[in-house]
1. With the requirement that a residue be part of a helix (DSSP H, G or I) and open to solvent by 10 Å² or more (accessible area, probe 1.4 Å), what does the range 169-185 give you?
2. Cβ-Cβ under 7 Å, sequence separation 6+ or interchain: first residue in the range 293-322 and open to solvent by 10 Å² or more (accessible area, probe 1.4 Å) and among the aromatic types (Phe, Trp, Tyr), partner part of a loop (DSSP other than H, G, I, E, B) and within 15 Å of the ligand (Cβ to nearest atom). Which pairs?
3. Would you please name the residue that is most open to solvent (accessible area, probe 1.4 Å), looking only at residues in the range 346-380 that are among the hydrophobic types (A, V, I, L, M, F, W, C) and in contact with a helix residue (DSSP H, G or I) (Cβ under 6 Å, 6 or more places away or on another chain)?
4. In the range 218-244, what residues are open to solvent by 70 Å² or more (accessible area, probe 1.4 Å) and at negative phi?
5. Please work out which one of (1) among the hydrophobic types (A, V, I, L, M, F, W, C); (2) over 14 Å from Arg75 (Cβ atoms); (3) more than 6 Å from the ligand (Cβ to nearest atom) is the condition Leu57 fails and give its number.
6. Leu136 - would you say it is open to solvent by less than 60 Å² (accessible area, probe 1.4 Å), in a loop (DSSP other than H, G, I, E, B) and either more than 11 Å from the ligand (Cβ to nearest atom) or at pLDDT 95 or above (or both)?
7. Only residues in the range 11-24 that are buried (at least 16 other Cβ atoms within 10 Å of the Cβ) count as the first member; pair them with residues that are modelled with pLDDT under 50, Cβ under 8 angstrom, at least 6 apart or cross-chain, and list the lot.
8. I'd like the residue in the range 323-333 that is in contact with a helix residue (DSSP H, G or I) (Cβ under 7 Å, 6 or more places away or on another chain), in a helix (DSSP H, G or I) and more than 7 Å from the ligand (Cβ to nearest atom) and, out of all such residues, is least open to solvent (accessible area, probe 1.4 Å).
Amino acid sequence: MIREGHARKQGDHVVKATVVIVGAGFGGLRAARSLKRAPVNVVLLDRHNYHLFQPLLYQVATAGLEPESIARPVRAITRRQRNLEFRMTEVTGLDLAAQRVATADGALPYDHLILAVGGETNYFGLEGIQRHGFGLKNVGEALAIRNHVLGCFEHAMLEPDPEQRRALLTFVVVGGGPTGVEMAGALSELIRLVLVKDYPRLNIKDVRVLLLEASDRLLAAMPPRLSEAAAETLWRKHVEVRFGAAVQDYEGARVRLKSGELIPARTLIWAAGAKAVSLTERLGLPTARQGRVAVEPTLQVPGHPEIYVIGDAAYLEHDGQPLPMMAPVALQMAETAAANVARVVRGEAPVPFRYRDPGSLATIGRNAAVAYIRGIGFKGFAAWVAWLVVHIIQLIGFRNKMFVLLNWAWDYFFYERASRLITGK
Ligand SMILES: Cc1cc2nc3c(=O)[nH]c(=O)nc-3n(C[C@H](O)[C@H](O)[C@H](O)COP(=O)(O)OP(=O)(O)OC[C@H]3O[C@@H](n4cnc5c(N)ncnc54)[C@H](O)[C@@H]3O)c2cc1C
């Protein structure tokens, strides 16, 4: 066992309750910071030593940014918080009766537990796609995509067979949600604005970027006219957008659609599904759709009021629909969970979570984005500027903000992408 942490009385002095937070992503970090002034000890656990800003992962995958620009060490973020201790360790389970978190480095007791373990790619049991395709959920996967895409161009330059060359230069992105749209747009711009200069012998007609969507529209959370605008912009940026295109299998060389059509392609990027991390299935807690833990409106687990689940790992409905797996949900839930822990410590009743939808934004490359904020939809340059401002504000750390801004300005004016090294095998 790592350390004793339960609230207890020593003489007249009350030792604080221990709040263990699992996950230093959007939700966990916000919860930890919100407990800064609460009379509790906070122990924050994460399997990585950094906090990652996932919304910009696609820019790492498309050679626009280095991972260091969108991540920050948790210790650097939290070092001024005196009631907080960070430990890098993998959580493997829970002992609900003893109130202990099992980790790779021993058990850790808690009085209150906030689970903010996030999500992972959902391949819906399609094994071939999981084995041969690429997910986009973490730094390792983003770098794998960057290395692979750049590697395909190098191989294509040496490939004498035209069919093989075209397969090397065909890039299939699956899923028309924000990640798929942003990824397809950025990939097409990387190729058409930057790589064409690196590979002057390249015949650009051999290059294809496809965005496959099973339904009949992109960005389903936005009004139809913005979905259409996004599709039109992608077409203008040379992305072939296909609707009703459900992918069935992929063995590394050809993408098989449910219709039976085969698309020769050496790259498939899967942005078509997300679910809670598989850990949630092993905790002995009730799970709902996508493996998310079903919580009460107060974000507590039914039958376990000492456990709160927030963010992508939590299942809660709002207006009859499950809350989306998005950063604002995780951040707002974190504030409610932290406030509820503080209320319970003070002997008050917890309050229900109320979601305030801040709207959604998706960029489609240079000067192009769609935005839907407080019932108002807009697109084009204004939406793109809104997207830039929102992302810079949300990035953690002044240095990261400056680096990202500088990179974006450089790329914008010089049609460049700085991170074009192939660093893996
Ligand atoms: C490519 C991509 C683009 C996105 N774009 C947007 C966007 O534009 N706008 C938006 O609002 N949302 C976006 N999202 C979704 C958003 O990032 C998530 O909704 C948000 O990160 C959820 O926050 P969270 O705290 O629940 O989980 P996360 O931020 O994922 O944090 C989970 C943390 O838990 C840790 N963890 C997991 N399992 C364990 C374990 N067993 N032991 C220890 N630690 C563990 C992880 O290392 C991680 O640090 C995007 C997501 C991705 C992947």
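1. Matches in the range 169-185: Pro178, Thr179, Glu182.
2. Close Cβ pairs satisfying both conditions: Tyr315/Arg292; Tyr315/Val295.
3. It comes out as Leu361.
4. Ala220, Ala221, Pro224, Arg225, Glu228, Glu232, Trp235, Arg236, Phe243
5. Against the list (1) among the hydrophobic types (A, V, I, L, M, F, W, C); (2) over 14 Å from Arg75 (Cβ atoms); (3) more than 6 Å from the ligand (Cβ to nearest atom), Leu57 comes up short only on (3).
6. yes
7. The qualifying pairs are Lys16/Ala7; Ala17/His6; Ala17/Ala7; Thr18/Gly5; Thr18/His6; Thr18/Ala7; Val20/Gly5.
8. In this case the residue turns out to be Met333.
The values are calculated or read from the model by the stated rules, or taken from the named source; none is laboratory data. Keep in mind the model is a prediction, meaning the values are calculated, not measured. For neighbour counting, all protein chains shown are included, and Cβ atoms are generated from backbone atoms with ideal geometry for every residue, glycine included. We work out accessible area using only protein heavy atoms, side chains counted, and drop any ligands, DNA or RNA first. Shrake-Rupley method; radii C 1.70, N 1.55, O 1.52, S 1.80 Å.
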